[in-house]
1. Which value in nm describes the separation of the simple spin-label points at residue 366 and residue 281, placed 7 Å from the Cα toward the beta carbon?
2. Loop-only check: which trypsin sites (Lys or Arg not before Pro) in region 230-316 are DSSP coil with at most 14 other Cβ within 10 angstrom?
3. Report, for the chain, the % of DSSP beta bridges that are antiparallel, rounded to 5.
4. For region 68-77, take each phi angle, set θ = phi - 60°, evaluate the Karplus expression 6.51 cos²θ - 1.76 cosθ + 1.60, and give the result in whole Hz per residue in order, putting x for glycine and proline.
5. Tell me the trypsin sites (Lys or Arg not before Pro) within region 92-166 that lie in a loop according to DSSP and have at most 15 other beta-carbon atoms within 10 Å.
6. Given the -39500 (n - 2.57) contribution per DSSP H run of 4+ residues, what per-residue ellipticity at 222 nm results for the chain, rounded to the nearest 500 deg cm²/dmol?
7. Can you give the extra length, in nm with one decimal, that the chain gains between residue 161 and residue 207 once fully stretched, where that is 0.36 nm per residue apart less the Cα-Cα distance?
8. Which distance in nm do the two modelled labels at residue 35 and residue 289 give, with both placed 7 Å along the Cα-to-Cβ direction?
Amino acid sequence: MDVTAAAPPAAAPVQVAAGGDAPEIRLEGISKVYADGTVGVAELDLTLASGELTVLVGPSGCGKTTTMKMINRIIEPTTGRILLDGEDVTRVDGDRLRRRIGYVIQNVGLFPHQTVRANVATVPKLLGWDRRRTRARVDELLATVGLDPAVHGDRYPAQLSGGQRQRAGVARALAADPGVLLMDEPFSAVDPVVRERLQDEFLRLQASVRKTIVFVTHDIEEAVRLGDRIAVMSAGGHVEQFAPPAELLGRPANDYVADFVGADRGLKRLAVTPIDPGDLERAPVVGIDASPADAARVLGGAAGAVVLDAAGRPCGWLPADRAGGAGTVAGAMRAVEPVPVTATLKTGLSVLLRVDVDAVPVVDGDSYLGVLTAGAAHTTLRRSVERG
Ligand SMILES: Nc1ncnc2c1ncn2[C@@H]1O[C@H](COP(=O)(O)OP(=O)(O)OP(=O)(O)O)[C@@H](O)[C@H]1O
Ligand SMILES: [Mg+2]
């Protein structure tokens, strides 16, 4: 995505990642006891790594929003300390703290009587940026989150779709280039298809801006998809497990976590476990121009062969029962787009099932490494649990 595309040529280049400082956030023994005596969060210790996306996940009422709002002190903690890169911000000026922290509110929370541009410009205005700089920044950000400034910039929130409102909310939170981004169920109000697209775009955005992000959701699928690390919480802001997605799914710390991640956690793990080149099987290879009789000789007793195109790149799978007749390998093979070695097991297996073959060729760039089979995927998956 070209993030500078929307900026007028005369404007100084505005970098999305200009601030660059994505602080570590340390919560030390923070608690929130509400006025009526409700303990929202009790004695929570949590360190959120610089530049990582940490997900807080847990059932309704467990204290996710309370925890998040204590980080920017919209809710003042009853006890404990908050440290940004070691600096105690528990008692610094709250307004100044909040300008360093972008915030996407649960249910979006755009100002309904302001245009999209005015909404996104909220914090730059507070910071006293001049019109030109603000305008350039706002239009750049709208383009970054996939809204066309010329089309959507002057609309009011009610004139946007749910997904577009969510994007505008993300743009507003990023406006002053904060090092920290707090996002409270930012994608919960849209249908699953739009949500998945927003998640994908958001992952791409985070790969380029690398903020320290705290992301709240009660959806474990979303947590696993987005999180570098996930904190599974239970009532009172208690953290039951704090681990990367693969570890959480592979080795839940207790019954509560196992229950929360679901009985299908094995399937979910496919999406967070990369293909392991060491587990790939070596299938014979045959050129696309070879005759099926040649192919039958190459096959020996193998279940099939990988078909290479004229450039030596895998382009298909020839099952043993289709080799040996008349015609060409090209006519007998099943066309399969090879899977990059950087893909997950889920991607590999979904190709396997979609094309209905026994094995999917895996490539590193253009070079053929081996084939992924259901057995190979199982071996990788099993080992990833043993390693933890
Ligand atoms: N102002 C308040 N006064 C009293 N209790 C409150 C207040 N705000 C929240 N709580 C209570 O604190 C607990 C944690 O609330 P919180 O909003 O942090 O939950 P949550 O995990 O974000 O839930 P959800 O998934 O529904 O958004 C709940 O029991 C809630 O009822
Ligand atoms: Mg909440």
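1. 2.8 nm
2. On the way: sites: 265, 268, 269, 282, 297; in loops: 282.
Within region 230-316, the qualifying trypsin sites (Lys or Arg not before Pro) (loop, at most 14 other Cβ atoms within 10 Å) are 282.
3. Values: 33 of 56 bridges.
If I count the DSSP bridges inside the chain, around 60 percent turn out antiparallel.
4. 4, 6, 6, 5, 9, 6, 5, 10, 7, x
5. Working: sites: 96, 98, 99, 100, 117, 125, 131, 132, 133, 135, 137, 155, 165; in loops: 100, 155.
Sites meeting the loop and neighbour criteria: 155.
6. Working: 16 runs with 136 residues, N = 388.
Roughly -9500 deg cm²/dmol at 222 nm, from the helical runs in the chain.
7. Working: separation 46, 0.36 × 46 = 16.56 nm, distance 2.58 nm.
Computed gain between residue 161 and residue 207 is 14.0 nm.
8. Taking the two extended label points, one gets 8.3 nm.
Here, each number is a calculation from the coordinates, and none is a lab measurement. Predicted, not measured: the structure shown is a model, and the values here were computed from it. Quick reminder, even Gly has a Cβ in these numbers, built from the backbone with ideal geometry, and neighbours come from all protein chains shown.
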